[in-house]
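Written out below as structure tokens is the structure these notes cover.
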Amino acid sequence: MQAFHEVQFPPDISYGVTGGPEYSTDVVITGSGYEQRNINWSQARCKYQAAHGVKNEDQMRRLLAFFRARRGKAYGFRFKDWLDFRGKGEYIGTGDGKKTTFQLSKTYIDDGGYTDVRKIRKPVVETVKVYLAGIEQQANWSVNFTNGVITFVSAPAQDAVITADFEFDVPVRFDTDHCPQSIKDWNIYGWDNIPLIEIRV
């Protein structure tokens, strides 16, 4: 099992970072010029560069403490991607009268109707709402905030559509063991390279 700390990267520093999803695809070009594209990953893996989030001494101090507590690459942690941290009315399953556990997920749909389903492993505490056939459930369920699994006390009825609203973090780690800090001007601090990479948990 991967080492993971259930703590969030300072959100005031993560605000304004650059990054997003990355896929792994091998492209083989045949002698006739046609391509064969092989998909290596079933889901994207996000990468971020958080260097521009550090602006003052207090942020640098907190980031240094956070980096040391994670031992560089050693421990994963939660990261708020301000460009993509919510799910609303997300389909997570249909009842069959027997199944009681369902994985939170978010579905991305483009204008052509093509979809990509992302498993949500790190929902944020006190943000999850669950609905059966569009009706919010105030009881009879719980959520595991470390893996995103919804568990019902009694199985949802046959054909009952289950949806959820939630906020979520991305499980990531530092992609460096080095912390190159600098003072750029009076009370202007910087860390020129803060790479983060999503991890599978």
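The values are calculated or read from the model by the stated rules, or taken from the named source; none is laboratory data. Nothing here was measured: the structure is a model prediction, and the numbers come from that model. Methodologically, a virtual Cβ is constructed for each residue, glycine included, from the backbone with ideal geometry; neighbour enumeration extends over all protein chains shown.
Flag set for V130, criterion: in a strand (DSSP E or B), modelled with pLDDT of 95 or more and of a type in the set (A, V, I, L, M).
When residues in segment 107-130 are screened for being buried (at least 17 other Cβ atoms within 10 Å of the Cβ) and not hydrophobic (A, V, I, L, M, F, W, C), 4 of them pass. Against the test of being closer than 25 Å to A51 by Cβ and among the β-branched types (V, I, T), the options I194, I135, I120 yield a single qualifying residue, I194.
For the criterion of being touching a residue at least 60 places away in the same chain (Cβ under 8 Å) and surrounded by 13 or more Cβ atoms within 10 Å (Cβ to Cβ), F66 fails.
When only residues in segment 24-55 that are farther than 26 Å from F145 by Cβ and surrounded by 12 or more Cβ atoms within 10 Å (Cβ to Cβ) count, which is farthest from the chain's Cα centre (by Cα)?
Our first condition is that a residue be farther than 26 Å from F145 by Cβ; within segment 24-55, this holds for 24-40, 49, 51-52, 54-55.
Adding the requirement that they be surrounded by 12 or more Cβ atoms within 10 Å (Cβ to Cβ) leaves 49, 51-52, 54-55.
On the way: Q49: 15, A51: 19, H52: 20, V54: 21, K55: 24 Å.
Selected residue: K55.
Only residues in segment 128-146 that are within 18 Å of T94 (Cα to Cα) count as the first member; pair them with residues that are of a type in the set (G, A, S) and not in a strand (DSSP E or B), Cβ under 8 angstrom, at least 6 apart or cross-chain, and list the lot. If the second residue must be of a type in the set (G, A, S) and not in a strand (DSSP E or B), the pairs left are L132/G95; L132/A157; L132/A160; A133/A160; N140/S154.
Scan G93, G97 and give me the residue that is under 13 Å from A164 (Cβ atoms) and touching a Pro at 6+ places or on another chain (Cβ under 9 Å).
Details: G97 fails: under 13 Å from A164 (Cβ atoms).
After ruling out the rest, the residue left standing is G93.
Reported count of residues in segment 89-98, each being among the charged types (D, E, K, R) and either surrounded by 15 or more Cβ atoms within 10 Å (Cβ to Cβ) or closer than 14 Å to L132 by Cα (or both), is 2.
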